[in-house]
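Here's the structure we're looking at; comments come further down.
Every number in this text was worked out from the coordinates using simple rules, so none of it is lab data. Everything quoted here is computed from the prediction, not taken from an experiment. Glycine gets a Cβ as well: all are built from the backbone with ideal geometry, and neighbour counts include every protein chain shown.
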Amino acid sequence: MQFSESWLRTLVNPSLSSDELAHLLTMAGLEVEDRSPVAAVFDSVVVAQVLSKDKHPDADRLNVLTVNVGQGEPLTIVCGAQNVSVGMKAPCALVGAKLPGIEIKQAKVRGIASFGMMCSAKELGLAEESSGLLELSADATVGQSIREHLDLDDHLITLKLTPNRSDCLSLYGIAREVAALTGVALSPLPQAAFAQTGVKKIDVKVSVPQACPRYTTRVIAAVNAKAATPAWMVQRLERSGLRSISAIVDVTNYVLLETGQPLHAFDLAKLDGGIEVRFALPGEKLQVLNQQWVELQPDMLVIADARGAVGLAGVMGGAGSAVDEATTEILLESAFFAPSVIVGRSRRLGFGSDSSYRFERGVDFANTQAALDRATQLILDICGGQAGPVTEALGDLPARKPVKLRVARVQRVLGVALESSEIALILSRLGMVALQQGDEFSVTPPSYRFDIAIEEDLIEELARVHGYDQIPALPPQATMNILPLNEAQRPLSKLRQALVMRDYQETINYAFVEEAWERDLCGNSSPIVLKNPIASQMSVMRSSLLGGLLAALRTNLSRKQSRVRLFELGGCFAAEAGGYVQRERVAGLAYGSVMAEQWGVAERNVDFYDVKGDIEALFAPRKFSFEVAHHPASHPGRSARILLDGRAVGWIGELHPQWQQQYDLPQSVVWFEVEQGALLQIGLPKAVDVSRFPLVRRDIAVLVDEAVTVQSLLEAMQAENAPYVVELSLFDLYRGKGVEEGKKSLAFRVLLQDTKKTLTDIEIEQSVLCLVAVMQQSGAQLRV
């Protein structure tokens, strides 16, 4: 909200500089976003009156003026403005004056000496463009400094208010805050003192009192709609960011800025019958003041007459009932609309107003008629007329329930020993009614404070007024114990480090994803849908990390990165009976070549087994297995489920060609996703003897059917627990010449060792024969 500092100081005037006032407001939670002077720095410019005007003898477009500047003899000034006239008052820059970008000196203009310059608003830096001299009011004092006359030493202050402080969306509300913060007396607004000379009134019916608990109107007859708005009002409106339109509209805007109460003036002659406040009817339309046609929805509150809607309640009036220069009778409206009925309507329609901005946050329902009277007084003073009686429809206004405040709780939360007397004083300055019973207060918030509902709200108010900078920053005091370190569990940082060491880079993505990702990549046709997504492409909660990784991959590819390895640690969400569950997972993908391009290694694209090796490194030293299984995101036959102690804990696979094409990926992508807890549990380390005797290696080559998996043979041999065997691994796989169709040749490396002696040939052969026998039971044939 933007306002004039000088206007504020007519209501409350603490002995603070402009900088100190801005700091005070900011520290009280009313952030001053901007503060700027209303005019550039200049001097020696005074109010002057034109005494005579003669044509310049050598220039058709110039005039020679005799000007009274209120000091000494009248000055001769050569002027080219077209609107100059005898008797007018305008700014005059004296010799030596420094205006924005120009210094005034005595000069000769076509042979005639000029002792100053008559000024336009542009030359004073008050406007971007101007067509002539800045004409001043007839009562301006000749010789007075123009800065004093136009109050150009004023500042424009812009507040960045939080949504809960609707009470500060007015000059009086801000002044009320400054008075509470400083203890300076608050000047009351002028009281309306007019005689009710009119008798005309209009019937008002509120069909939905829960949406409009208070609706007041007054007819003002015999108004002069052509009357000029006073200069002081125009100035205050413009310095608050509003332009002057007409006297009646200006008054409603002025009272809105002054009190925070939106008002609207209808042309009574354009209304048919009485006024009804109701919800819109099906198919009803309205042309609002910005000339836009609105198709009204059933949940939109309207002001209607006998013919139909004439205004969109709390948002904008209708163009068909707007006041104009021909208006002679107006119906002045002041109302309180429930915030829940107004909120969101402006956003849906694509336009808003100062009124809707305030109504959807809540206005002072106790000030409705006072604001109506204030506007009536101003209209009568400016436009004349006859004010009629007030017609009011009253329903159930919001209740202001007392809030309990405990002194001990205040001191505990703030860490400051505020006494009961100081608490009572602060609450009183904030306009709250506080009844004390022992060490507790029963506090009733005023009608304009919609943000006070619980004890913590009151404690925040005490902190604001007492001063955040008055609360000491004390170091915390607590008994601290060293937390036990679980050796069987790896820290999350170590897991990250392990992935980084495998050449992966971490990404962080939103947990909200596109619904298509869930359907395509997870086979999830019923994801958790967000009620109010931040963007249309983030409408559901993810059940897998793969979608975000693929999006990050595409971003990297679009920036010419040909080799990409990414991982993410994050939560995935699923709906279960009775609620929702969040599971922490680790996922990664690899794309492009196995190693960065170099001369010493031939280039090869990453494959399933490269990523399988990465997963083995993450699980080490724990043993796990793979099981062939289908996943919606993976290539058929190139997908496996990861099993740990017989339990499924994750997936590994190559992206399905369909999704590779749909997501515009030139090459295949290998990905994995594992439960985070499975990777963090590493078990307790066990000490083993280090043998001083050499390892013995034996190789076993067998023929097996294509359907037999290496994993099954390794598990069978490991389960046999053959003596002296310390390691089993596959080192060769062969298909081709010498191996019949449907078979494959597997070669296993067997390492044997004893910690107490050197193994004999007989001991070695017995262990090897034991392993061969196990594989033969699985259908393997020993190759010779």
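Evaluating 6.51 cos²θ - 1.76 cosθ + 1.60 at θ = phi - 60° for every residue in the stretch 415-429, the Karplus couplings come out as x, 10, 7, 7, 6, 4, 5, 5, 4, 4, 5, 5, 4, 5, 5 Hz, glycine and proline recorded as x. Using only Cα atoms, what Kirkwood radius does the stretch 356-486 have, in angstroms? The answer is 18.6 Å. Across q = 0.09, 0.21 Å⁻¹, the stretch 562-693 modelled as identical point scatterers on its alpha-carbon atoms has Debye log10 I(q)/I(0) values of -0.34, -1.30, in the order of the q list.
The phi torsions of the stretch 71-87, fed into the Karplus equation with coefficients 6.51, -1.76 and 1.60 and a -60° offset, translate into couplings of 8, x, 6, x, 9, 9, 9, 8, 9, x, 5, 7, 9, 6, 8, 5, x Hz, rounded to whole numbers, with Gly and Pro shown as x. With N the number of residues in the stretch 246-334, Rg(Cα) / (2.2 N^0.38 Å) evaluates to 1.06.
Packing-based ranking of 717-725, 587-595, 324-332, 395-403 yields 587-595, 324-332, 717-725, 395-403, ordered from highest to lowest mean Cβ neighbour count within 10 Å. For the stretch 336-392, the spread of Cα positions along the three principal axes, ordered from largest to smallest, is 39, 23, 15 Å. Stretching the chain fully between residue 424 and residue 477 yields a gain of 16.1 nm (0.36 nm per residue, less the alpha carbon separation).
Contact order for the chain, expressed relative to its length and based on alpha carbon pairs under 8 Å spaced 6+ residues apart, stands at 8 percent.
Each of the peptides 628-638, 51-61, 471-481, 149-159 was scored by the mean count of other Cβ atoms within 10 Å over its residues; in descending order, highest first, they stand as 149-159, 628-638, 51-61, 471-481. Counting only Cα atoms, I'd like the Rg/Rh figure for the stretch 19-138, Kirkwood definition for Rh. When Rh is taken as the Kirkwood radius, the ratio is 1.14. Taking 13 Å as the straight-line reach from the Cα of residue 108, the aspartates and glutamates in range (excluding those fewer than 8 positions away in the same chain) are 58. In degrees from 0 to 90, rounded to the nearest 10, what is the angle of the helix 761-777 Cα long axis to the longest principal axis of the chain? The helix 761-777 is inclined about 70 degrees to the chain.
Pairwise Cα separations in the stretch 737-780 fall into 5 Å bins from 0 onward with the following percentages, short to long: 5, 15, 22, 19, 15, 11, 7, 4, 2, 0. The lysines whose alpha-carbon is closer than 29 Å to the alpha-carbon of residue 205, local same-chain residues fewer than 8 away aside, are 270, 285, 401. Principal-axis analysis of the Cα atoms of the chain puts helix 18-27 at an angle of about 40° to the longest axis. Rounded to the nearest 20, the size of the Cβ-charge dipole of the stretch 703-784 about its Cα centre is 180 debye, with Lys and Arg at +1 and Asp and Glu at -1.
A simple packing score, the average count of other Cβ atoms within 10 Å per residue, orders the peptides 503-513, 281-291, 264-274, 115-125 as 115-125, 264-274, 503-513, 281-291, with the highest score first. Modelled label positions at residue 691 and residue 536, each set 7 Å beyond Cα in the direction of Cβ, lie 6.8 nm from each other. The Cα atoms of the stretch 536-595 define a convex hull whose projected area, averaged across directions, is 5.2 nm².
Couplings 3J(HN,Hα) for the stretch 184-194, derived from phi with the Karplus relation 6.51 cos²θ - 1.76 cosθ + 1.60 (θ = phi - 60°), are 6, 5, 9, 6, x, 5, x, 7, 5, 9, 10 Hz, where x marks Gly and Pro. Too long at a 25 Å Cα-Cα cut-off: which of 404/531; 55/226; 623/757; 89/122; 494/612? Over 25 Å apart, Cα to Cα: 404/531; 55/226; 623/757. For Cα Rg over 2.2 N^0.38 Å, computed directly from the structure shown, the correct entry in (1) 1.50; (2) 1.09; (3) 1.34 is (1).
Taking 7 Å steps out from each Cα toward its Cβ at residue 2 and residue 408 produces label points 5.2 nm apart. Between the helical axis of 247-259 and the dominant principal axis of the chain, each derived from Cα atoms, what acute angle in degrees is found, rounded to the nearest 10? That helix lies at roughly 60 degrees to the long axis.
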